[in-house]
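A quick write-up on the structure given underneath.
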Amino acid sequence: MKQILLSILMLVCVMGIKAQDLMVATLQSGEATHVFYGANAFVEAVGKANSGDLITLSAGTFNVPKIEKALKIQGAGYMDDPENGLYRTTLNYELYINLPEGSSDDFLLEGIYSDKELQVTSFTPVKNFLLKRCRFKHVSFTNSITDGCQLEHCRISDNLYIGDKSINFSVVNSVINVLQSNNENSSIVFQNTFINDVSYNAIATFENCILSSHYTEGNSYVNLHKNCIIKYCLGLKGNMFANVLTLSNCWYSDKTIIWGTDKGYSDTDLYELTEAAKSQYTGSDGKEIGIHGGYKPFLSTPSHPQITKRDIATKTSGGKLKVDITVEAQND
């Protein structure tokens, strides 16, 4: 409750200032609260933070620190909504995360937009890393042993590289442009995710997903790796599951049939199935396949409190300024 009240207070404090005019980073470290301003606010907050601390970022474009401690970082979201005067939190450079040996705290990164790369480069095992409701161009776990890490409600506009040393890595209700290859010594599960281009050397379990490839039908590279496990998935290229040894309750269809139009990767498309497709293609849980099915239907708004609408009078009346705001918190 304290965290929610603090978040609402900070939202109200900065709501009347345009995102391009002032960036704010709030650091909650134990009982102490620190506020930093300007493009370098994120860098300064990370510099002062201890492992396990919470950093909240306003809308605006921030300079980017290298992060070497486990933190919880929450932005204002990765989508702009100019009609309601709401803007996203943007990082202006690649984000590199290198956690120190022995780090045991969970890591959360939520509500961030970046047209650059997120790279986790730790040589020590990375546990319980959660990337939630973010948009990055590239995401890669390089030289990292990951355990219990997850991508949830994310959009990756180019490449996702999970790597060869992943244990219980999950991708849930997300939109991925390209899934890169990995070796068999990883355990990776995709649930209710649309992947526009699955590498023929990617090895994972796919359940309730919609999968495609940039190769044309008939090309051997369109076929997924034989050691994948595919359950209740829809293939958008004919026979792309032909080599898979563990296959159950899968179908083939066309983009124009399931969505009503041809679609690839998009930063904004909701990928809503036609009513006919919703009833025809149901997943292992009896719900529709794709990003709106499963136990965590797709959302782009961060889970912490956000101003979803604001109306600020342009002048005072009786010495008072009328401010009308709506604050919402999404369920996890």
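The values are calculated or read from the model by the stated rules, or taken from the named source; none is laboratory data. Just so it is clear, the model here is predicted, and its values are computed rather than measured. Glycine also receives a Cβ, built like all others from the backbone with ideal geometry; neighbour counts cover every protein chain displayed. We work out accessible area using only protein heavy atoms, side chains counted, and drop any ligands, DNA or RNA first. Shrake-Rupley method; radii C 1.70, N 1.55, O 1.52, S 1.80 Å.
Structural remarks
- Some residue of the stretch 160-170 being open to solvent by 10 Å² or more (accessible area, probe 1.4 Å), in contact with a strand residue (DSSP E or B) (Cβ under 6 Å, 6 or more places away or on another chain), in a loop (DSSP other than H, G, I, E, B) and closer than 30 Å to residue 239 by Cβ: no
- When the stretch 125-166 is filtered for residues that are farther than 23 Å from residue 267 by Cα, touching an Asp or Glu at 6+ places or on another chain (Cβ under 7 Å) and of a type in the set (Lys, Arg), only 127 remains.
- Residue within the stretch 274-294 that is touching a Ser or Thr at 6+ places or on another chain (Cβ under 8 Å), more than 29 Å from residue 87 (Cα to Cα) and open to solvent by 20 Å² or more (accessible area, probe 1.4 Å) present: yes
- In the set (1) open to solvent by less than 30 Å² (accessible area, probe 1.4 Å); (2) modelled with pLDDT under 95, residue 6 fails one condition alone, (1).
- Residue match in the stretch 138-157 (condition: in a strand (DSSP E or B), surrounded by 22 or more Cβ atoms within 10 Å (Cβ to Cβ), of a type outside the set (Phe, Trp, Tyr) and modelled with pLDDT under 95): yes
- Among the residues making up the stretch 119-134, those that are buried (at least 23 other Cβ atoms within 10 Å of the Cβ) and assigned to a strand (DSSP E or B) are 120, 126, 129, 131.
- Once the stretch 230-258 is narrowed to residues that are part of a strand (DSSP E or B) and among the aromatic types (Phe, Trp, Tyr), the residue that is least open to solvent (accessible area, probe 1.4 Å) is 251.
- Contact annotation: residue pairs with Cβ atoms under 6 Å, 6 or more positions apart or on different chains, pairing a residue in the stretch 203-226 that is within 23 Å of residue 271 (Cα to Cα) with a partner that is open to solvent by 30 Å² or more (accessible area, probe 1.4 Å) and hydrophobic (A, V, I, L, M, F, W, C), are 205/189; 205/229.
- Identity of the residue in the stretch 97-112, under 16 Å from residue 152 (Cβ atoms) and either modelled with pLDDT under 95 or of a type in the set (Phe, Trp, Tyr) (or both), that ends up least open to solvent (accessible area, probe 1.4 Å): 107
- Screening residue 44 against (1) at pLDDT below 90; (2) closer than 30 Å to residue 145 by Cα; (3) open to solvent by 60 Å² or more (accessible area, probe 1.4 Å) leaves a single unmet condition, (1).
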